[in-house]
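Step one of this worksheet: look at the structure below.
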Amino acid sequence: MATRTDDLVEPPDSGRYFSDGVEQFHHPRPVCDGFEPTRQRRRLLAGLSGRVLEIGAGDGVKLACYPSSVDEIVLVEPDQFLRAAARGVAKYLSTPVRIVEGSLRHLPVEDASCEAVVCSLVLCCAAQVGETLEEVRRVLAPGGELRFYEHQRSGNPAVMLAESLVTPLWSRAAGGCQPTRDTVAAIRKAGFAIESLDRFAFRHFSHVLGVARPS
């Protein structure tokens with residue numbers, strides 16, 4: 001029997017503090033010798049295997065951070081420039097990468113075909129986050145998991161007010177990003193059970209990093 005999302009108990013915060021950010025993967029740069037992923041990116045991808053879908057290309061450098069246990073990376077990105085940037089990275093990788101055009105409301109991927117879906121600063125930008133998460137559920141294979149790193153509305157009233165004040169301008173400048181979105185609640189509402197969750201602040205914005213599975 002499926003678990004009711006409103007009955008789920010909040011998983012404990014691990015207390016981790018991250019001093020750098022996945023945001024660094026959203027600005028074009030060459031991949032050079034000595035390149036190292038941020039701690040968030042390393043944790044986000046740790047232990048993944050099989051076929052993995054990531055939504056949003058960023059600058060494509062994130063592709064170089066996947067573990068060798070991944071058999072194929074499918075990258076869905078609507079922007080032509082970012083797809084081209086990602087292809088420039090993918091050609092140097094030993095892991096097969098398939099880069100396709102698609103949107104947050106329609107992922108051009110087969111049903112139940114991915115062992116994991118990775119969302120990094122994507123759900124906070126989705127105009128219809130529920131539809132995006134429905135698509136994530138559709139493409140996940142049985143037992144598959146959602147890995148997410150996202151903006152999350154702060155639980156501190158003063159910080160929440162500050163986030164609300166800057167959101168209109170921030171959203172225009174950052175591709176529709178909504179730092180005041182309760183991303184954790186949206187994931188649960190879409191029928192996922194959250195198995196692990198870290199909360200932390202980066203550049204004064206609240207973030208979450210975690211793992212969820214369809215319940």
Can you name the residue in region 103-118 that is out of contact with any Lys or Arg (no Cβ under 7 Å at 6 or more places or on another chain), of a type outside the set (Val, Ile, Thr) and in contact (Cβ under 8 Å) with a residue 40 or more places away in the chain and, of all such residues, is surrounded by the most Cβ atoms within 10 Å (Cβ to Cβ)? LEU104
Criterion first (among the charged types (D, E, K, R) and either surrounded by 22 or more Cβ atoms within 10 Å (Cβ to Cβ) or in contact with a Cys (Cβ under 7 Å, 6 or more places away or on another chain) (or both)) does GLU54 satisfy it? yes
Counting only residues that are touching a Leu at 6+ places or on another chain (Cβ under 9 Å) and not in a strand (DSSP E or B), which one in region 190-213 is surrounded by the most Cβ atoms within 10 Å (Cβ to Cβ)? ALA190
Every residue in region 201-215 that is of a type in the set (A, V, I, L, M) and modelled with pLDDT of 90 or more, please. VAL208, LEU209, VAL211, ALA212
So, in region 35-51, exactly how many residues are crowded, with 23+ Cβ neighbours inside 10 Å and basic (Lys, Arg)? 1
Considering only region 67-92, state which residues are touching a strand residue (DSSP E or B) at 6+ places or on another chain (Cβ under 6 Å) and closer than 19 Å to TYR149 by Cβ. VAL70, ILE73, VAL74, LEU75, VAL76, ALA86
Name the residues in region 57-90 that are closer than 22 Å to GLU110 by Cβ, surrounded by fewer than 19 Cβ atoms within 10 Å (Cβ to Cβ) and among the hydroxyl-bearing types (Ser, Thr, Tyr), would you? SER69
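The values are calculated or read from the model by the stated rules, or taken from the named source; none is laboratory data. Everything numeric here is computed off the predicted structure, so don't read it as measured data. Cβ coordinates were reconstructed from backbone atoms using ideal geometry, including for glycine residues, and neighbour counts include every protein chain displayed.
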